[in-house]
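> Please find one structure pasted underneath; my questions will follow.
The values are calculated or read from the model by the stated rules, or taken from the named source; none is laboratory data. Bear in mind the structure is a predicted one, so any value in this text is a computation, not a measurement. Cβ atoms come from the backbone with ideal geometry, glycine included; neighbour counts cover every protein chain shown. Quick note on the areas: whole protein, heavy atoms, side chains included, nothing else; ligands and nucleic acids left out. Shrake-Rupley method; radii C 1.70, N 1.55, O 1.52, S 1.80 Å.
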Amino acid sequence: MKLNFNIEPLENWLSVKHQPLVIAGPCSAETEEQLVATAHLLAKTGKISALRAGIWKPRTRPGEFEGIGSIGLEWLNRAKRETGLPITVEVANAKHVEEALAAGVDILWIGARSTANPFTVQEIADALRGVDIPVMIKNPVNPDLSLWIGALERINQAGITKLAAISRGFSSYEKSAFRNEPMWELSIQLKTLCPELPIICDPSHICGNRELIPYISQKALDLEMNGVMIESHIDPSVAWTDAKQQLTPAALSDLIDNLTVRQPEPKDKGVSDKLAELRKQIDKIDDLVIQKIAERMNIVEKIGEHKRDNDMTILQLNRWDEIINKRAEFGKALKLDAEFTTKLLELIHAESIKKQTEIMNVTKVVE
Ligand code: PEP
Ligand code: MN
């Protein structure tokens with residue numbers, strides 16, 4: 001089964017400033033200074049493609065900080081004006097959508113709790129009808145792929161074609177090192193059903209702590225996800241929400257530098273199998289070459305001792321000419337470039353001379 005989405009490529013709505021694609025910013029906008037200062041530091045790294053911040057926060061218990069509210073849109077807008085970064089916020093109802101659109105928000109995202117509720121998703125979809133804005137949809141809190149797909153369908157059917165999924169992990173009863181289990185297989189199934197749908201990983205909400213974020217970020221890239229969304233705060237130790245999982249902009253910059261963006265294997269299995277087989281042959285030969293050079297050096301050492309014990313010079317020019325000429329001829333017969341063979345032998349010879357010189361400098365063994 002393939003899903004019938006009408007989706008535009010990610011490049012149509014988000015320019016990737018740096019590989020890999022990174023969306024970053026605080027869990028919550030707290031004060032204008034905190035948001036704007038964080039945004040400037042993030043923008044200065046040159047590695048961030050969009051600025052995130054929650055202003056309406058879904059909280060598990062009442063009384064916790066529920067987001068700064070609409071005023072945060074003005075701060076986000078200032079951060080956008082001053083840094084040039086596109087801005088993204090979480091929306092959870094029609095009013096949020098209207099306010100975010102009016103404030104010039106570039107990208108919307110739907111949070112995990114909202115995705116789990118089809119009423120909410122439909123309300124957002126209805127508010128988006130006729131609007132051209134990118135929407136990213138986090139997986140629902142519970143590991144239910146259909147619910148995730150259903151939310152993507154509702155938003156897509158409202159006419160939103162700039163669509164991405166965000167994998168933020170799933171709630172589980174099992175005790176685990178993660179705040180939310182990655183359950184990669186669900187994202188992989190989604191990608192299989194809809195290969196053109198970009199999937200962005202949110203390591204912050206998967207990990208729940210800073211330490212695991214590099215590992216999960218690398219894993220996401222190795223699973224061919226399109227990028228990462230990572231929470232970053234100017235001073236995580238005093239963050240009002242998700243303090244344990246936020247990184248300073250400098251730490252985030254280091255983390256990005258340490259990520260490896262690997263290329264996917266060739267699509268055709270025959271091509272990759274053939275490559276793997278040829279590489280195996282090469283590895284075997286390289287091992288043999290090194291082994292043989294080591295054997296050669298052992299003999300060189302014996303020659304060195306023999307020359308030393310019999311008061312002979314290290315270099316005998318005739319012998320050296322003979323080696324070079326004979327081997328260059330031999331190489332040519334095997335279709336090796338004569339210059340290449342000569343250079344290779346010169347390198348080996350230089351190492352042999354070095355070894356023999358060391359041996360000459362050791363006192364002669366008197367038998
Ligand atoms: C967030 O991104 O800050 C957030 C609340 O995420 P989630 O919906 O994944 O819990
Ligand atoms: Mn958060």
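> Just how far, in whole angstrom, is the stretch 34-63 from the stretch 93-108 if you go by their alpha carbon centroids?
16 Å
> For the stretch 222-278, give the magnitude of the charge dipole about the Cα centre (Cβ charges: +1 Lys/Arg, -1 Asp/Glu; no others), in debye to the nearest 20.
Roughly 100 debye for the stretch 222-278.
> From zero up to wherever the largest Cα-Cα distance of the stretch 34-189 sits, split into 5 Å bins and tell me the percent of pairs in each.
Values per bin, smallest distances first: 2, 9, 18, 19, 19, 17, 11, 5, 0.
> Right, next: Carbon and sulfur together cover what percent of the accessible area of the stretch 278-367 at a 1.4 Å probe radius?
59 percent
> If you count, for each residue, the other Cβ atoms within 10 Å and average over each peptide, how do 271-278, 179-186, 341-348 line up from highest to lowest?
Final packing ranking: 179-186, 341-348, 271-278.
> Same structure again: In Å², and per residue, what accessible area does the chain have when probed at 1.4 Å with the other protein chains present?
53 Å²
> Let me ask something else. Taking Cα centroids, how far is the stretch 174-223 from the stretch 224-255 in Å?
16 Å
> Rounded, prolate or oblate: pick one for the stretch 1-125, where a ≥ b ≥ c are the square roots of the eigenvalues of its C-alpha gyration tensor, a/c under 1.5 means rounded, and failing that, prolate if a/b is larger than b/c, else oblate.
Verdict is oblate for the stretch 1-125.
> Computing the accessible area with a 1.4 Å probe over protein heavy atoms, can you report the carbon and sulfur percentage for the stretch 37-95?
52 percent
> Ignoring any ligand, DNA or RNA, what whole percent of the accessible area of the stretch 175-232 comes from carbon and sulfur when the probe is 1.4 angstrom?
Here carbon and sulfur together make up 56 percent of the probe-accessible area.
> Taking the highest mean first, how do the peptides 207-218, 123-134 order by number of other beta carbon atoms within 10 angstrom per residue?
Order by mean packing, descending: 207-218, 123-134.
> Also, quick follow-up: Enumerate the aspartates and glutamates that LYS80 could reach by cross-link, defined here as Cα to Cα under 20 Å, with residues fewer than 8 away along the same chain left out.
The qualifying aspartates and glutamates are GLU11, GLU30, GLU32, GLU33, GLU90, GLU98, GLU99, ASP106, ASP132, GLU231.
> Right, another one. Once you have the Cα-Cα distance between GLU329 and ILE303, take 0.36 nm times their residue separation minus that, and quote the gain in nm to one decimal.
Full extension of this stretch gives 6.9 nm more.
> Determine the relative contact order of the stretch 209-265: mean sequence separation of Cα pairs under 8 Å and six or more apart, normalised by residue count, in whole percent.
Rounded, it is 39 percent for the stretch 209-265.
> Okay, next question. So for the chain, averaging the separation of alpha carbon pairs under 8 Å that are six or more residues apart and normalising by length, what relative contact order in percent results?
14 percent
> Say R0 is 25 Å: what FRET efficiency, to the nearest 0.05, do SER176 and ARG61 get from their beta-carbon distance?
So the FRET efficiency works out to roughly 0.70.
> To check you understand DSSP bridge types, tell me what percent of the beta bridges within the chain (both residues inside) are antiparallel, rounded to 5.
5 percent
> Treating the stretch 185-240 as a set of equal point scatterers at the Cα positions, no solvent, please give the Debye-formula log₁₀ I(q)/I(0) at q = 0.26 Å⁻¹.
-1.05
> Could you size up the charge dipole of the chain around its Cα centre, putting +1 on the beta carbon of Lys and Arg and -1 on that of Asp and Glu, and report it in debye to the nearest 20?
Result for the chain is approximately 440 debye, rounded to the nearest 20.
> Continuing with this model, one more query. With N set to the number of residues, divide the alpha-carbon radius of gyration of the stretch 317-367 by 2.2 N^0.38 Å and report two decimals.
1.50
> Further, regarding this structure: Mean residue ellipticity at 222 nm from the helices of the chain, using -39,500 (n - 2.57) per DSSP H segment of n ≥ 4 over the full residue count, to the nearest 500 deg cm²/dmol?
For the chain, the value works out to -15500 deg cm²/dmol.
> Oh, and also: If you add up the charges near TRP13, with Lys and Arg at +1 and Asp and Glu at -1, over every other residue whose beta carbon is less than 9 angstrom from its beta carbon, what do you get?
That works out to -2.
> So what does log10 I(q)/I(0) come out to for the chain at q = 0.10, 0.15 Å⁻¹, using the Debye formula with one equal point on every Cα and no solvent?
Normalising to I(0) and taking log10 leaves -0.67, -1.26.
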